[in-house]
Amino acid sequence: MLNTQKMTSQDYIALEDRYNARNYKPLNVVLSHGAGIWVWDVENNRYLDFLSAYSAVNQGHAHPRILQAMTEQAKRLPLTSRAFRNDQLPLLARDLCEMTGYDKMLPMNSGAEAVETAIKMVRKWGYTVKGVPENQAEIIVCTGNFAGRTTTIIGFSDEAQYQHGFGPFTPGFKLVDYGDIDALAAAITPNTVGFLVEPIQGEGGVVVPPAGYLKRARELCTEHNVLLITDEVQTGLGRTGKLLAAQWEDVRADVVTLGKALSGGFYPVSAVLADDAVIGVFNPGDHGSTFGGNPLAAAIAREALAVIVDEGLIANAAAQGAYLIERLNQIDSPYIKEVRGRGLLIGVDLHDNAGGARRFCEALQREGLLCKETHATVIRFAPPLVIGREDLDWALERIEKVLTTL
């Protein structure tokens, strides 16, 4: 066995490169522990986390309340499978449904599983309720979408790398331009059962649709008896300064997918929300998961939701996000093309002559701030929702320095 006490970051990087599949290109920082908005590497250098594990750590790293809920439940009963009932899932279902206003939830593990679940649900609704001919259901999706890595999901992506070498793909999806309401209207047919959309595209480059887009999409879906499905895996649970990002336009979707921050980063937990008229198409045996809805996951998720409410994280995301966007827009840098986002989900889009976003992320790492590029030219900023003004100012000093002097 290796003596890890004497291992350096380079030792760990070499070990990972030797034994781990190279399906990621992470920044070369090897993290060992974290607390709140801060993380430390194996040499004990401290960094401000400005990514939050792609918004999974809205409540901050190792939140003590969620940690306590996890450890207490782990001592009692981690897993039952859904072959038996447990005393935690009903409480999570109640808390999440009362918090969001939906009749029921269906628990899963990853965000991709939640989206796959929503696809199955909406298709079955189309056949059993709307009356679409068997195997003819269509779901409309958007350019720039990212909902996970399963073969069905990458099959409706327009990103060539996500698809190359992985076909054939699941049929039944139509692709329209994100933010183009006329394209959506033209794509709807009698066989259309759902419109799957991210209220803000995170992986697509923190792209905010035109004002009124979601509201008009809601109207079109209602008019044509099509289910509106909002993918809130990244944008939900306070990230954008609302509980759900679709609430920025007072839109209530028929189906909502949640994940990431539903566990505060402690455990994979996801869920699909819908009313009885839609989720009721599932019968015992139609769908399931060995780990989905297990008591450990449910206990963690209950406390993760409680922390969001008790600590006022949604309001803090709105206030701190508005401040961060305002300050970023004041940076006088020849590289900045546009600053966009809502709450604490922000993208800084760079001009082509900036040489890509990666080098800026690497420079920020050297300054003690961790973030990540997306779509080559966009720096994504998404700190934990527990961040305060003083720490934002600390980060902004370093961001301005890098964007104006690199």
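Every read-out reported here was derived from the displayed coordinates using simple, explicitly stated rules and does not represent laboratory data. This structure is a prediction, so every number in the text was calculated from the model and none was measured. So basically every Cβ, Gly included, is an ideal-geometry build from the backbone, and we count neighbours across all protein chains shown.
With +1 on each Lys and Arg Cβ and -1 on each Asp and Glu Cβ, how big is the dipole of the range 64-310 about its Cα centre, in debye rounded to the nearest 20?
Details: 21 positive and 28 negative charges, 143 e Å.
Once rounded to the nearest 20, the dipole reads 680 debye.
Need the C-alpha centroid separation for the range 157-208 versus the range 56-126, integer Å.
Between the Cα centres of the range 157-208 and the range 56-126 lies a distance of 27 Å.
Taking Cα centroids, how far is the range 339-374 from the range 272-335 in Å?
About 23 Å separates the Cα centre of the range 339-374 from the one of the range 272-335.
Assign one of three labels to the range 102-157, namely rounded, prolate or oblate, based on the Cα gyration tensor with a ≥ b ≥ c the square roots of its eigenvalues; rounded applies when a/c is under 1.5, prolate when it is not and a/b is larger than b/c, and oblate otherwise.
Details: a/c = 2.18, a/b = 1.20, b/c = 1.81.
Verdict is oblate for the range 102-157.
Which whole-number percent of Cα pairs in the range 66-138 have a distance greater than 19 Å? Walk me through the numbers before you get to the answer.
Working: 1489 of 2628 pairs.
Roughly 57 percent, rounded to a whole number.
Positive end of the dipole of the chain, charges at C-beta (+1 Lys, Arg; -1 Asp, Glu), about the Cα centre: which of GLY241, THR152, TRP394 has its Cα farthest in that direction?
THR152
Find the Cα radius of gyration of the range 119-260, compare it with 2.2 N^0.38 Å by division, and give the number to two decimals. Provide the component values of the computation, followed by the final result.
Numbers: Rg = 14.4 Å, N = 142, 2.2 N^0.38 = 14.5 Å.
That ratio works out to 1.00.
Enter the mean projected area of the convex hull around the alpha-carbon atoms of the range 64-310, in nm², rounded to one decimal.
Details: hull surface 53.0 nm².
Average projection, Cα convex hull of the range 64-310: 13.3 nm².
Counting alpha carbon pairs within less than 8 Å and at least 6 residues apart, what relative contact order, in whole percent, applies to the range 64-310?
32
Rank these for me by crowding, PHE282, PHE50, PHE266, PHE84, going from fewest to most other beta carbons within 10 Å. Intermediate results must be reported in sequence, preceding the final value.
Working: PHE282 19, PHE50 26, PHE266 22, PHE84 6.
Final ranking by Cβ density, sparse to dense: PHE84, PHE282, PHE266, PHE50.
If you place +1 on the Cβ of every Lys and Arg and -1 on the Cβ of every Asp and Glu, how big does the dipole about the Cα centre of the range 310-406 come out, in debye to the nearest 20? Can you show the working numbers first?
Details: 12 positive and 15 negative charges, 63 e Å.
I would put it at about 300 debye.
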